[in-house]
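Let me begin by presenting the structure, written as C-alpha cells, before commenting on it.
The values are calculated or read from the model by the stated rules, or taken from the named source; none is laboratory data. Being a predicted model, the structure only gives us computed values, none of them experimental. Note that each Cβ is placed from the backbone with ideal geometry, even for glycine, and that neighbours are counted across all protein chains shown. What goes into the accessible areas is simple: the full protein's heavy atoms, side chains included, and nothing from ligands, DNA or RNA. Shrake-Rupley method; radii C 1.70, N 1.55, O 1.52, S 1.80 Å.
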Amino acid sequence: VHDLKNLYKYCIKKGVEIKNITFDSLLAGYLCNPSSNSYEIDRLAAEYGVSVAFEDDENLKKAATFSLVCDELKKQLEANGQAALLKEIEIPLAIVLGDMELEGVLIDSAALKAHGEELTVRIAELEQRIYDLVGYEFNVNSPKQLGVALFEKLGLPAKKKTKSGYSTGAEVLEDLKDAHPVITYLLQYRTLSKLKSTYCDSLLSAVAEDGRIHSTFNQTETRTGRISSLEPNLQNIPVRTTEGRVFRKFFVAKEGYTLCDADYSQIELRVLAHLAEDKNMIDAFNSGADIHTATASQVFNMPIDMVTPLMRSRAKTVNFGIVYGMGAFSLSKDIGVTRKEAADYIENYLASYPQVDKFMKNSIEGAKETGFVTTLFGRRRYIPEITSSNHMLKAFGERVERNAPIQGTAADIIKIAMIMVNSRLKDQKLDAKLILQVHDVLIIECKEDIKDKVSALLKEEMEKSAKMSVKLT
C-alpha cells in the first residue's frame, strides 16, 4: 500500500478490516530519506530513477510505477538494515495512529467557550489600562504604533530603530520591564491574546459533531522519528505557566469513563546512559537514585545529602543541555552563571561520565565518515551540515548529531509502547482506547471501573518496550 493509516481509516468507516499489510511505500520513503518534503509516488519514482513505458494507459502506468517504486525502496531498506524498522514499528504504528484519529479526544466545549469569554473581558481591561497609561488609544497589536507610543510618547529607551520602526519584540519588552508600569500590562495582554487565539479559538473550531477533536498524527513529518500532531496540534498544550495549564482541564473523558496517563521518567537520559555504556550513569539509574542529584553530587564534588535544590536544578540543566549539545555560552545564560563557571560545570560533568564524553566524540567522527547517525533500532538521520565549511552550519550539524540518536531512540521506544498497549487493550477486549501521545506521555480513555487494571497495563507495557542496560520507569 501507499499511506496505510489513511487507507485503514477509510476501510474502518466502510466496515472493512484490512490485514496482512507487508509494505507501505510512504513509510518506506520516509525511512530512506527522512528529510524529504514529499513521499508521493511520482516524486519517489524520480528519486529512485523509476520510469515506465505504458504511455497510453494511465492506470496501468500508475500501477507499474508503484510496483517498481516498492521494489526499489525494499532494496534500499535492506541495504540500510531498516526492513525490521518498517515491518515491526512503522507499519503497526500506522494502525494505532489510525485508531487514535478515529477515536479523537473529548473537549468540554462549554467550559472552554466560557474561558474564552472570560479572557476576552480580561484582554479588554488590559487594553484600557495600556491606553490610560500611554494617554491615547492606538492599535496595541501594531508594532509600528506600539513603538511610537513607547519610545516617542513615553520616551522609554529604545533599541535601534529600523526603516519599519522600533523593535517591540518579547526580548525588548522584557528588558524594559522595570522602566514603566505599562510594560507589565503589555506582556500580560500579549500572553492572554495568544492563549485565546491559539487555544480557545483554534481548539473550539476543531471540535467535530461528536464533541471530540480528531487531530492528525503525522508519522513522516520529523527528521528524528517523533510523531507530530496537526490541525490542531495537541502536543503543545501549555504546561509551564499557570495561565496556560488551565487548558489541560478542558480535555475530559466521556460519561462513566476516565483518563489514565503515564509518562517515561527521563527517557532521553536513560537512552544516553545505554548508548554511551557509561557505568556511572547506568548505576545511578539502576540504583533508583535521583539522576539530577547524583549528577550535582559529581559536578559540585559534594556528598549526595549536601546537594542543595539550586545545585540539583543546575545539574538538571546540564544533564539535559548535554543531550541537546548545549555549549558553555548557552548554559551560562540558562542558569545565570559566568561562561567560565558554565564551562567548568560541563568539564566536571564529562569527567564524571567519561563514556558520555567518548560517545559524543565518536558519534561526531562516525557521522563525518558516513553522513548519518542511527538510533538503537536502525532509524537514520542524515546530517550533510556536519561537513559544512560554514561554522554555524557545522555547529548545528554537531548538535543534531549528538541529539538525534538519543531523541530518535526515545521516539522509537514510545512507538513500540503504543503498539504494545494498543494490542493488549484489543486482545483483552477492554473498554479502553489509546487516544493521545505527547512525546513521552501516553493517554488512555477507559471505563471508570477498570481504571486500575488499565493503569497497571499501561505501566507494564511502557516499561518493557525496550531492553536496555538501564531500566525504563
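Please calculate the 1.4 Å probe accessible area of residue 423, with all protein chains present, and give it to the nearest 10 Å².
50
If I compute solvent accessible area with a 1.4 Å probe over the protein chains, what percent of it on the range 1-117 is carbon and sulfur?
The value for the range 1-117 is 51 percent carbon and sulfur by accessible area.
Classify the range 331-378 as rounded, prolate or oblate, taking a ≥ b ≥ c as the square roots of the eigenvalues of its Cα gyration tensor: rounded when a/c is under 1.5, otherwise prolate if a/b is larger than b/c and oblate if not.
prolate
Within the range 383-473, which GluC sites (Glu not before Pro) sit in a loop by DSSP and count at most 11 neighbouring Cβ atoms inside 10 Å?
Sites meeting the loop and neighbour criteria: none at all.
In Å², and per residue, what accessible area does the chain have when probed at 1.4 Å with the other protein chains present?
With the other protein chains kept in place, the chain gives 51 Å² per residue.
Checking a compactness column here: for the chain, what do you get for Rg(Cα) / (2.2 N^0.38 Å), N being the number of residues?
1.13
Could you tell me, in Å, what Rg and Dmax come out for the Cα atoms of the range 309-351?
Cα radius of gyration and Dmax of the range 309-351 are 9.0, 24 Å respectively.
Counting other Cβ atoms within 10 Å of each Cβ, which GluC sites (Glu not before Pro) in the range 221-284 have at most 10 and sit in a DSSP loop?
Passing both the DSSP loop test and the Cβ count: 255.
Using +1 on the beta carbon of Lys and Arg, -1 on that of Asp and Glu, and nothing else charged, what's the dipole of the range 326-415 about the Cα centre, debye to 20?
Computed charge dipole of the range 326-415: roughly 240 debye.
Using just the Cα positions, wrap the range 188-254 in a convex hull and report its mean projected area in square nanometres, one decimal place.
5.7
Taking all protein chains together and a probe of 1.4 Å, list 163, 459, 61 from the most accessible to the least accessible.
If we order 163, 459, 61 from most to least accessible, we get 163, 459, 61.
Please give me, ordered by residue number, the GluC sites (Glu not before Pro) of the range 4-48 that lie in loop per DSSP and have at most 12 other Cβ atoms within 10 Å.
17
Name all residues of the range 421-453 having a backbone nitrogen under 11 Å from the label point set 7 Å from the Cα of residue 261 along its Cα→Cβ direction, giving them as ranges.
From the range 421-453, the list is 436-444.
With all distinct Cα pairs included, what does the Kirkwood hydrodynamic radius of the range 1-101 come out to in Å, to one decimal, could you say?
14.4
Once both labels are modelled 7 Å past Cα along the beta-carbon direction, what's the residue 102-residue 424 spacing in nm?
About 2.2 nm, to one decimal.
Could you sort 43, 399, 240 by accessible area so the largest value comes first, with the probe set to 1.4 Å?
Ranking 43, 399, 240 by accessible area, largest first, yields 240, 399, 43.
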